[in-house]
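Working notes, beginning with the structure itself.
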Amino acid sequence: MSLTRRSVLATGLAAAAPSNLSAAPGWGASGSSNAAHFSLAYAPHEGSFASRGGLLEQIAFAADQGFRAWEDNEARKRSIQEQEAMARALLQRGMTMGVFVASMPKWAEFRPVLGSDDDADREAFLTDIRTSIEVAKRLNAKHMTVVTGFMDRKVPEEIQTGRIIDCLRRAGEIVAPHGLALVMEPLNTRTNHPGVFMHSIAQGYAVARGADSPGVKILADLYHEQIQSGNLIPTMEACWAEIGYIQFGDNPGRKEPGTGEINYANVVRWLRARSYAGVIGMEHGNTLAGREGEARLIAAYRAIDRA
């Protein structure tokens, strides 16, 4: 989810990052580059290249570095004019729009509770889904992130699961005729999001199978999955039929690949063997601030993309 919810990595971790990520190939003195496109559609977001200017300048810079996609969790909150400008910038650069959040949870309130006895949160969720369709069309987006809410400790988990499946089936019926898919994001409960209902890709698989809709898939955020369950490649293999979108972020720290314990080079090899052609969201921060951190980010993705 959005950077505003991410933990800030302690300064000391920067020194522990691999030294081979200190410079990006093709990075000239002016900051411009004619670097070849990455083999997979890694998607930066606003803030990945903050030193380059505003949103449109960051998109242009990312394209110059060879990135082929972009994502923006907060796009639904932007004005129509901003959404249209972003869509034009991506189209001009031949970049694919990744996810935005279709229904933002109220994190401080631990809502919505989609499995509760009360229909109110479910109806509000479905209203958000309906009103997100025009946003998706404006952005040329095909996937929208949703979170399946928080647990209701008074209701048996099996009943909550059934209600959430029913709710997502209804949501799928809303978006599928438009060629759109909702991607449910399992979130870890150990570090970032205690109390959420969906906390593993396997659980997402069960809900997606129950919803049985082309409009309901899983967002496999590997940072969250590593914390909660691990076993990343076998889990994706088992659940592949229901995975619609992927996000990267290393653990601990939720920074670029190479700063933590996940072997993203092996993950990339596996995705390539799977002929994955979708977007991979860069759902993490930069270890270092400024242009040094941006160069390090690009180099990290060059390193795993060469795998």
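Determine, yes or no, whether Q203 is within 20 Å of N231 (Cα to Cα) and not small (G, A, S).
yes
Going by the structure shown, is S48 surrounded by 15 or more Cβ atoms within 10 Å (Cβ to Cβ), over 18 Å from T131 (Cβ atoms) and among the hydroxyl-bearing types (S, T, Y)?
Judged against the criteria, S48 is a match.
So in the stretch 218-264, with the set limited to residues that are assigned to a loop (DSSP other than H, G, I, E, B) and among the acidic types (D, E), which one is nearest to A303 (Cα to Cα)?
Among those residues, the one meeting the criterion is E256.
If you take the residues in the stretch 187-203 that are more than 15 Å from the chain's Cα centre (by Cα) and not in a loop (DSSP other than H, G, I, E, B), which one is surrounded by the fewest Cβ atoms within 10 Å (Cβ to Cβ)?
Step by step, filter the stretch 187-203, then rank; the result is A202.
Against the conditions (1) in contact with a Cys (Cβ under 6 Å, 6 or more places away or on another chain); (2) under 19 Å from A41 (Cα atoms), where does M236 fall short? Just the number, please.
(1)
Of the residues G215, G260, G249, G244, only one is touching an Asp or Glu at 6+ places or on another chain (Cβ under 6 Å), buried (at least 16 other Cβ atoms within 10 Å of the Cβ) and within 30 Å of H178 (Cβ to Cβ); which?
On inspection, the qualifying residue turns out to be G249.
Of the numbered conditions (1) part of a helix (DSSP H, G or I); (2) more than 30 Å from E134 (Cβ to Cβ), G210 satisfies every one except a single condition; which is it?
Unmet condition: (2).
Condition test on I159, is it at pLDDT 95 or above, crowded, with 21+ Cβ neighbours inside 10 Å and in a helix (DSSP H, G or I)?
Criteria not met by I159.
Here's a check for you: in the stretch 170-186, which residue that is of a type in the set (A, V, I, L, M) and more than 23 Å from H199 (Cβ to Cβ) is surrounded by the fewest Cβ atoms within 10 Å (Cβ to Cβ)?
A176
Can you tell me which residues in the stretch 104-148 are in contact with a Cys (Cβ under 6 Å, 6 or more places away or on another chain) and crowded, with 23+ Cβ neighbours inside 10 Å?
L114
Enumerate the pairs (first residue in the stretch 104-124 and in contact (Cβ under 8 Å) with a residue 12 or more places away in the chain and closer than 17 Å to R169 by Cα; second residue anywhere and surrounded by 12 or more Cβ atoms within 10 Å (Cβ to Cβ) and β-branched (V, I, T)) with beta-carbon separation below 8 Å, excluding pairs fewer than 6 apart on the same chain, so at least 6 apart or on different chains.
L114/T148; L114/I164; G115/V155; G115/I159; G115/T161; G115/I164; S116/V155; D121/V113
With the condition kept exactly as written, say whether any residue in the stretch 40-52 is at pLDDT 95 or above, farther than 23 Å from T287 by Cβ and outside any helix (DSSP H, G or I).
no
Counting only residues that are assigned to a helix (DSSP H, G or I) and either in contact with a His (Cβ under 8 Å, 6 or more places away or on another chain) or hydrophobic (A, V, I, L, M, F, W, C) (or both), how many does the stretch 265-298 have?
Number satisfying all stated conditions: 9.
Do we have any residue at all in the stretch 67-77 that's outside any helix (DSSP H, G or I) and on the phi > 0 side of the Ramachandran plot?
No: zero hits.
Any idea which of A102, A87 is within 22 Å of G281 (Cα to Cα), part of a strand (DSSP E or B) and modelled with pLDDT of 95 or more?
Residue meeting the stated conditions: A102.
The values are calculated or read from the model by the stated rules, or taken from the named source; none is laboratory data. Please read these numbers as outputs of a predicted model, since none were measured by experiment. Neighbour counts run over all protein chains shown; Cβ positions are idealised from the backbone, glycine included.
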